Amino acid sequence: MKRKASSSIVREIMAQFADRTGLSPAGKVPRRYLWTDAFAVCNFLELYRQTAEADYQLLALRLIDQVHTQLGRHRQDDSRTGWISGLDEQEGKRHPTRGGLRIGKVMRERKAAEPIDERLEWDRDGQYFHYLTKWMHALNCTSRVTGDSRYNEWAIELAKTAQARFSYVPPSGGRKRMVWKMSIDLSYPLVPSMGHHDPLDGYITFHELQATTEKLFEKTSWTDLAAEITDLAGISAGTDWTTDDPLGIGGLLFDAGRVAQLMVRGFFKQSDLLGILLDASLKGLESYARQGHLKYPAEYRLAFRELGLSIGLHALEKLPEMFQDNPSLFEKTVSLSHQIESLRQFSPLIEAIEKFWLEPDNQASSIWKDHQDINMVMLATSLAPDGFLTI
């Protein structure tokens, strides 16, 4: 797909998203969802980079404000009011991420004493660690584009809160673990099992936040994430990251891209992690390809999971040039290059996924419409990925 045509489609998609969710024109009760909105912020920043049209940056900043104002506060159908952090109105506005951010699910969260219903839990509100890290990334990208340190500071504040509330030492002892889903006020776990990639995602995201602080702003004891990074390194140690879930594979490739960028800029020293991530990605892709899911009709596919994979594969495209330009930095350049070559056999999946979900007939399917906002935004990210992938 030619770049100009792709840019036009992205602009159209993001205009529809802004209108549908009450971003522009502003709705009385905008519909905000943290994961989708994180990708949307990056998309608007990328459109601003491409076009130099200030309205796109304004939309990104307005979206951040809406997310904090809505998802940083208790739900309208909750007896509790105000900021979920418990801060008063003035302090809450200054520190909108201190209490974390709600997911934005339709249903209210499950009460602590209420038995879990695994089917309903997918539709219940609360907080997800991996949604919070995506929002940290979006805030950090905003600081990088605007030069405003507030967004990076809010991301760091969110990182400290998330790590403190989602991690714990098991009653039986041993190393720390993480909770997959917490209550809105972060007072009790909703799903106590650990998300497969959550500690890895946090480990790399926290490095990303720290790098921006050190490069662009003044690092202080308050903005230091060294303790949190050490915690996550311990939780992550010895984990096999392999998965055959397309969204999970895309996340691993996104992480690999971030690790390489951080290494080039001198902000990441664990050089073996890049090879580990590429190896896990290759194993996952080989398994996923054998299953033949991309041959199924739209009704049996989840667009946003596939688009997560195509976004990750776009991250892969940037690695060979980084290896070539920094041969001394990447000591295992030969083995890494072999891994990249093996992974690049899956690059045609990008066009296959994007082309399939651009088809009007496939977008008319019920499975697309059930997740329309997240599908639209992640399709736009895949078509114009640099705003999300570049740190």
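Relative contact order for the range 153-230: what percent, with Cα pairs under 8 Å and sequence separation of 6 or more?
About 26 percent, as a whole number.
Averaging 1/r over each pair of different alpha-carbon atoms in the chain and inverting the result gives 21.4 Å, the Kirkwood hydrodynamic radius.
From largest to smallest, the equivalent ellipsoid semi-axes obtained for the range 123-186 from the alpha-carbon gyration tensor read 27, 14, 8 Å.
Taken over the alpha carbons of the range 1-79 as equal point scatterers, the Debye sum produces base-10 log I(q)/I(0) values at 0.20, 0.24 Å⁻¹ of -0.86, -1.15. In the elastic network of the chain, a GNM with C-alpha springs shorter than 10 Å, the most mobile of PRO348, PRO115, PRO171 is PRO171. Between THR146, THR133, THR161, the residue with the greatest mean-square fluctuation in the GNM of the chain (Cα pairs under 10 Å linked by springs) is THR146. For the range 286-364, take every pair of Cα atoms, bin their distances at 10 Å starting from 0, and report each bin as a whole percent. With 10 Å bins starting at 0, P(r) equals 16, 42, 25, 14, 4, 0. If you roll a 1.4 Å probe over the chain with all protein chains in place, what percent of the accessible area is carbon or sulfur? The computed percentage sits at 51. Between GLN372 and ARG119, the contour length at 0.36 nm per residue exceeds the alpha carbon distance by 89.0 nm. Across the range 194-237, Cα-Cα distances exceeding 14 Å account for 49% of all pairs.
Only lysines eight or more places from LYS369 in sequence, or on another chain, were considered; those with a Cα closer than 25 Å are LYS28, LYS105, LYS134, LYS295, LYS355. Between the range 120-137 and the range 278-331, the C-alpha centres lie 23 angstrom from each other. When every Cα-Cα distance of the range 240-382 is counted in 5 angstrom steps from zero, the calculated P(r) takes the values 2, 10, 20, 21, 16, 13, 8, 5, 3, 1, 0 percent. By the helix-only formula, in which each DSSP H run with n ≥ 4 contributes -39500 (n - 2.57) and the sum is divided by residues, the chain has a 222 nm mean residue ellipticity of -19000 deg cm²/dmol.
Scaling against 2.2 N^0.38 Å puts the C-alpha radius of gyration of the range 145-244 at 1.16. So if the hydrodynamic radius of the range 175-310 is defined as the Kirkwood radius over C-alpha pairs, what does Stokes-Einstein give as its diffusion coefficient at 20 °C and 1.002 mPa s, in µm² per second? Rounded, D is 129 µm²/s.
Distance from a point 7 Å along Cα→Cβ of ALA227 to each backbone N in the range 169-192: keep the residues under 18 Å and list them by number. Only 169, 176-177 pass the distance filter. For a modelled paramagnetic label at LYS93, 7 Å from Cα along Cα-to-Cβ, the residues of the range 142-177 in reach, with backbone nitrogen under 18 Å, are 150-151, 154. Per the Debye calculation on the range 52-208 with a single equal scatterer at every Cα and no solvent contribution, log₁₀ I(q)/I(0) for q = 0.12 Å⁻¹ amounts to -0.53.
Protein heavy-atom accessible surface, 1.4 Å probe, per residue over the chain: 44 Å².
Taking springs between alpha-carbon atoms closer than 10 angstrom, which of ALA164, ALA40, ALA260 fluctuates most in the Gaussian network model of the chain? Most flexible of the set in this elastic network: ALA164. Distance between the C-alpha centres of the range 19-66 and the range 162-188: 32 Å, rounded to the whole angstrom. Loop sites by DSSP among the GluC sites (Glu not before Pro) of the chain, restricted to those with at most 15 other Cβ atoms within 10 angstrom, leave 54-217 as the longest stretch without any of them.
Long hydrophobic helices in the chain: the complete DSSP H runs spanning 20 Å or more by Cα along their own axis with mean Kyte-Doolittle hydropathy of at least 0.0 are 34-51, 54-71, 246-264, 272-291, 303-317.
The values are calculated or read from the model by the stated rules, or taken from the named source; none is laboratory data. All figures in this text were calculated on a predicted structure; none of them were measured in a lab. Quick reminder, even Gly has a Cβ in these numbers, built from the backbone with ideal geometry, and neighbours come from all protein chains shown. Protein only, heavy atoms only, side chains kept; ligands, DNA and RNA dropped before computing areas. Shrake-Rupley method; radii C 1.70, N 1.55, O 1.52, S 1.80 Å.
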